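Trainee: Pasting a structure below so you can have a look.
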Amino acid sequence: MLLAIDTSAGTSVAVVDRDRGVLAERGIPDTMRHAEVVGTLIDECLREAGVAVSELSGVVGGMGPGPFTGLRVGIATARVFALGAGTPFVPLVSHDAIAYGRYQAGETGPLVVVTDARRREVYWCVYSGADDAGLPLRIGQPHLAKPAELLEPTWEYIDVPRFDAATVSAGDLGMVAELSWASGKPFAADEPLYLRSPDVTLSAGPKRVS
């Protein structure tokens, strides 16, 4: 069984099992209160699923893409929880969970997944379809763009069906992890997908004092 956590768009937590599916899931769309609610959601999911921490075989963390402030809360929480539980941390691309949910709902063929990046920008990923296990087949890495860029007639994927998601399901994220492990598919790199430079950077050298 896995505990899955994603804060790339709102806050979502779930407990999943490969054979029994999603045992419990809680989510809050608020993008400003990740740190305040994530602990409560974890406790509620574990209680509802009737799962002890010692029964978990891993903790899944959504690596984004997502805004820096919110995304790092979920990743840090998942990493620390995994460390405390003595179980592996499993990183996954958050958009893969969105695509998985769409294909499970009956979507077929190519798909563009889009989420809000704030600052009048969006994150997007392209998928060619789903494999025999139901896992979404992503084409390349996530991208950051202005919304208008995705509406240009010359954009490579302008004719591909598009899905704009406001939230990410931790239940779907956890199932992607379970199916990936069962299929021998690699997980994502253990690096947050901020896709944007930080607002504050260190200066190149010591500040001059006059």
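Every read-out reported here was derived from the displayed coordinates using simple, explicitly stated rules and does not represent laboratory data. On a predicted model such as this, the values are computed, not experimentally measured, just so you know. Neighbour counts are summed over all protein chains in view; Cβ atoms, including those assigned to glycine, are modelled from backbone coordinates with ideal geometry.
Trainee: Taking the Cβ of S183 as the centre, find all other residues whose Cβ is under 9 Å away and add up their charges (Lys, Arg: +1; Asp, Glu: -1). Intermediate results must be reported in sequence, preceding the final value.
Mentor: On the way: positive: K185; negative: D131, D132.
Residues close to S183 contribute a combined charge of -1.
Trainee: Each label point is 7 Å from the Cα along the Cα-to-Cβ direction; what then is the distance between the points at R47 and T154, in nm?
Mentor: 5.7
Trainee: What spacing in nm lies between the two simple spin-label points modelled at K185 and T40, each 7 Å away from Cα in the Cβ direction?
Mentor: Placing both labels 7 Å along Cα→Cβ, they lie 3.4 nm apart.
Trainee: Could you give me the ³J(HN,Hα) list for region 130-138, computed from phi with Karplus coefficients 6.51, -1.76, 1.60 and θ = phi - 60°, whole Hz, x at Gly and Pro?
Mentor: Karplus values, whole Hz, x for Gly and Pro: 10, 7, 5, 8, x, 7, x, 9, 7.
Trainee: Just one of [x] 35, 22, 17; [y] 29, 20, 16; [z] 27, 25, 15 is semi-axes √(5λ) of the Cα gyration tensor in Å calculated from these coordinates, so which is it?
Mentor: Answer by label: [z].
Trainee: Shifting gears a bit: Quick one: of the DSSP bridges fully inside region 1-95, what percent are antiparallel, nearest 5?
Mentor: Numbers: 12 of 20 bridges.
Of those bridges, close to 60 percent are antiparallel.
Trainee: Can you give me the span-like helices of the chain, meaning DSSP H runs with 30 Å or more of Cα extent along the axis and Kyte-Doolittle mean at or above 1.6?
Mentor: Result, helices passing both filters: zero.
Trainee: Another one. Starting from the Cα-Cα distance between M32 and F163, subtract it from 0.36 nm times their residue separation and give me the gain in nm to one decimal. Don't skip to the answer; put the middle values down first.
Mentor: On the way: separation 131, 0.36 × 131 = 47.16 nm, distance 2.33 nm.
Gain on extension, M32 to F163, equals 44.8 nm.
Trainee: OK, next. Could you compute the net charge surrounding T77? Neighbours are other residues with a C-beta less than 13 Å from the C-beta of T77; K and R count +1, D and E count -1. Walk me through the numbers before you get to the answer.
Mentor: Working: positive: R72, R79; negative: D6, E36, D43.
Here the count lands on -1.
Trainee: Please list, ordered by chain and number, the residues whose modelled amide H lies under 5 Å from the amide H of V168; skip anything fewer than 5 residues away on the same chain.
Mentor: Close amide H contacts, sequence-distant or interchain: A9.
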